[in-house]
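The values are calculated or read from the model by the stated rules, or taken from the named source; none is laboratory data. These figures come from a predicted structure and were not determined experimentally. We work out accessible area using only protein heavy atoms, side chains counted, and drop any ligands, DNA or RNA first. Shrake-Rupley method; radii C 1.70, N 1.55, O 1.52, S 1.80 Å.
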Amino acid sequence: MSDAPTLVIDSASEACSVALVAGGRVVDFRHEVIGRGHAERLVPLIAELADGGRADAIAVGCGPGSFAGVRIGVAAARALALGWQVPAHGFSTLALVAAGAADPIGEAGGALVVMEGGHGQWFVQPFAADLSPRADACSLLPDAAVALNDVLIVGNRAEAFVARRGSGRALAMLPDARAFLRLPRGALTNPPTPIYGRAPDARPMSGA
């Protein structure tokens with residue numbers, strides 16, 4: 001990761017999380033669990049950061065997660081990058097969740113990130129001890145998801161996962177922009193592009 005100031009944004013879950021990082025440390029951050037209302041809250045949160053969040057680069061969580069939250073975060077990152085004339089990068093929101101639990105995951109030798117996916121499904125992705133993904137993210141019904149055998153389960157559906165399966169260790173966690181500093185090299189993509197994880201809710205109407 002660069003030592004230049006980077007504005008980190010993630011609004012793909014019920015959390016609205018922003019941080020200004022530089023030189024391997026968090027300069028300032030805001031993290032609010034708001035459920036809904038990211039469109040109204042995200043930009044004011046950024047403005048509350050030191051120097052109005054102004055940075056030499058922007059990194060944004062691209063999902064998977066809430067369709068609306070993903071779109072809001074990516075759109076804000078693109079707009080600020082254009083206005084400030086700085087580069088914008090994307091990263092996986094599930095990877096950010098894993099980064100937030102980097103130490104427990106390292107001790108456990110890996111973990112499964114489980115996040116709310118909507119429509120009764122969960123987004124799941126396994127990560128190795130070094131936080132590298134062991135497989136692609138996918139959206140599964142709970143009964144299919146609990147067939148996965150990781151012991152450590154991390155995310156906002158970790159407790160529901162462990163309760164349903166009847167075994168494992170749950171670590172409830174939401175995406176936190178401060179965990180950006182723990183993301184492994186190669187985690188960033190360019191340009192930021194939404195990762196929806198499943199088909200959109202709305203479908204075009206068929207022609208007459």
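Most simply put, the chain has about 65% antiparallel DSSP beta bridges, counting only bridges with both residues inside it. For the chain, the solvent-accessible area works out to 47 Å² per residue, with a probe of 1.4 Å and every protein chain left in place.
Based on the alpha carbons, how large is the Rg to Rh ratio for the range 4-72 when Rh follows Kirkwood? Before the final figure, lay out each step's value.
Numbers: Rg = 11.4 Å, Rh = 11.9 Å.
In the range 4-72, Rg relative to Rh is 0.96.
Taken over the range 109-152, the ratio of Cα radius of gyration to 2.2 N^0.38 Å equals 1.10. Quick check: at a probe of 1.4 Å, how many percent of the accessible area of the range 96-208 sits on carbon and sulfur atoms? Looking at the range 96-208 in its full context, I get 54 percent from C and S. The 3J(HN,Hα) values that the Karplus relation (6.51, -1.76, 1.60; θ = phi - 60°) gives for the range 111-119 are, in residue order, 6, 10, 8, 10, 10, 4, x, x, 6 Hz. Gly and Pro appear as x. At the listed q of 0.14, 0.21, 0.23 Å⁻¹, the Debye profile of the range 23-119, built from one uniform point per Cα, gives log10 I(q)/I(0) equal to -0.62, -1.26, -1.39. Between the Cα long axis of helix 38-48 and the first principal axis of the chain there is an angle of about 50°, rounded to the nearest 10.
GNM on the chain, alpha-carbon springs under 10 angstrom: the most fluctuating residue among ALA158, ALA172, ALA79 is ALA79. Could you go through the range 160-174 in sequence order and give the Karplus-derived ³J(HN,Hα) for each residue, using 6.51 cos²θ - 1.76 cosθ + 1.60 with θ = phi - 60°, rounded to whole Hz, and x for Gly and Pro? Calculated HN-Hα couplings, in order: 5, 4, 5, 5, 5, 7, x, 7, x, 10, 9, 10, 5, 7, 10 Hz. Within the range 69-197, the ratio Rg/Rh, alpha carbon atoms throughout and Rh by Kirkwood, equals 1.00. Whole-Hz Karplus values for the range 3-17 come out as 7, 5, x, 10, 8, 10, 10, 8, 9, 7, 10, 5, 8, 10, 10 Hz, taken residue by residue from phi with 6.51 cos²θ - 1.76 cosθ + 1.60 and θ = phi - 60°; glycine and proline positions read x. Within the listed set GLY63, GLY186, GLY109, the Gaussian network model of the chain (springs between alpha-carbon atoms below 10 Å) gives the highest mean-square fluctuation for GLY186.
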